[in-house]
1. For segment 112-337, rounded, prolate or oblate, judged on the Cα gyration tensor with a ≥ b ≥ c (square roots of eigenvalues), a/c < 1.5 rounded, else prolate if a/b > b/c?
2. Determine, for Phe248, Phe153, the number of other Cβ atoms within 10 Å of each Cβ, and report the residues in order from fewest to most.
3. Within a Cβ distance under 13 Å of Lys15, other residues only, what is the Lys/Arg minus Asp/Glu net charge?
4. State the extension gain, in nm to one decimal, for the chain segment bounded by Tyr50 and Asp404, taking 0.36 nm per residue of separation less the distance between their alpha-carbons.
5. Considering only Leu36, Gln219, Phe168, whose Cα is most displaced toward the positive end of the charge dipole of the chain, charges sitting on Cβ of Lys, Arg (+1) and Asp, Glu (-1)?
6. Tell me the net charge near His155. Cut-off is 10 Å between Cβ atoms, His155 excluded, with +1 for each Lys or Arg and -1 for each Asp or Glu.
7. Taking a threshold of 26 Å on the Cα-Cα distance, which of the pairs Lys108/Lys443; Lys250/Lys297; Lys19/Lys426; Lys11/Lys67; Lys261/Lys335 fall above it?
8. Among the complete DSSP H segments of the chain, which ones combine at least 15 Å of alpha-carbon extent along their axis with a mean Kyte-Doolittle hydropathy of -0.5 or more?
Amino acid sequence: MKNNILFITGKLAEKNLKKILDCIENKEFTYEIRNLNINVAALLTTDMIYRRIGSVDSFSKIILPGKVRGDVDELAKKLKIEIERGPEELKDLPVMFGGNPLKHDLSKYEVHIFAEITDAPNMDIEQIINLASYYRDNGADIIDIGCLPNKLFPHLSETIQELKQQDFYVSIDSHSDKELILGGKSGADYLLSIKSDNFYILDEVDSYPILIPKDGDMQSLYDCIDKCILNKRVFIADPILDPINYGFTKSIIRYSELRKKYPDIHIMMGTGNVTELTHADTTGMTMVLMGIISELKINHILTTEVSNHCRTVIKESDLARRIILAASVGNTTPKHINPGLLTIHEENPIRYDGEEVKELFRQVKDASYRIMNTNEGVNLFNKNGLQTAVDPFDFFNKIDVGDDTGHAFYLGVELARAQIAHQLGKSYEQDEELKWGCLVDEKIDDKLRFKEQGPTYKKKK
């Protein structure tokens, strides 16, 4: 005998819920959908459900909307029936019944991130440690201490030693042989960079060298690689990624040729030469570069966050390397893995149909304003009327909140959010912040707790 499951929802989601349930193949359950006379299911609480649900004697289980607040276990005890909280997104509902999981394992990665502190000589040790900690928190594996030409770095040795004491992996990045030797003797794990004319440094320190060509001569890089292989010296090779319009495509070909010539060596790509020198959002660039890196089996990247438009590159690179690996393991393209790099647009934004909004408007019996987005624009409505526009200022003369400045402020914030969402094709849900992918850490939403009372709802004295 099949289980009979009761699905709880609100008015807006009812039709979509039925459509999704009907699309589940080989269902081993029967179901009923019960609309608890509320527009948005996410506004339900377990107390409201207990008061409104009615008889549940004919069901074996109840599934609640994922955003319902309150103690589900306590509700199950009161109703004497098994209750489960569903996923927050309706499209994920089939997974509960044997469908393919939509979440992928992002705990693993194969590419290591060198994060460069480009002007370390101009910073004191505490500042360097703080920035290194920030980079590590965002996904960096190795902190690259960048030296500056003709700039003394008297605290170089002490900086490296302090970083090592705090369990950082450290590389030193310098054009000065003296600084490279000092850095190696101070405990740096890697040296950037070693080429044919300063290869002798490897006789004086034990650090791992990052090998680069001398003046663009790839044969000089091959010679250094062959010496390291002959001497059984661990190394990383970097044929140098050039900026766009300065040989970018040719440099990608160099990486490909290097990998063909040496299938098993470790290779580094300095992705910062593209992200820092291209005025475009870095999430897309980072993902494409990481795809190239994956296909060429490149093992390390060197990047930084100097330019303002690159301020989250390390976090983006960390997520991109995980998404690319998950896609590779799953033998698929990097779609539907994780939305974190969809920062401006969305895969499936919530957008209501104009007729749905009109139908909901006809059901509203109070003066509280609702805001919903459709293809036509931002819709603001209560029992007194329905207005549609895009610019929040177009609503100004049509809003009646009396002298309630708190409510006016609230509507201003929400209408501005709705406008941004409409213009960018993002989801908008009233009382919820817009989602910006990995660029902004989402607040943890504890469904067992209720949101604190906001200032626009406090009683006036």
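Each value in this text was obtained by applying a stated rule to the coordinates, not by laboratory testing. Bear in mind the structure is a predicted one, so any value in this text is a computation, not a measurement. Here the Cβ is made from the backbone with ideal geometry for all residues, glycine too, and neighbour counts use every protein chain on show.
1. oblate
2. Final ranking by Cβ density, sparse to dense: Phe248, Phe153.
3. Spelling it out: positives minus negatives among the neighbours equals -3.
4. Result: 124.1 nm gained on full extension.
5. Leu36
6. -3
7. Beyond 26 Å between Cα atoms: Lys261/Lys335.
8. 125-137, 218-230, 282-295, 313-329, 405-424
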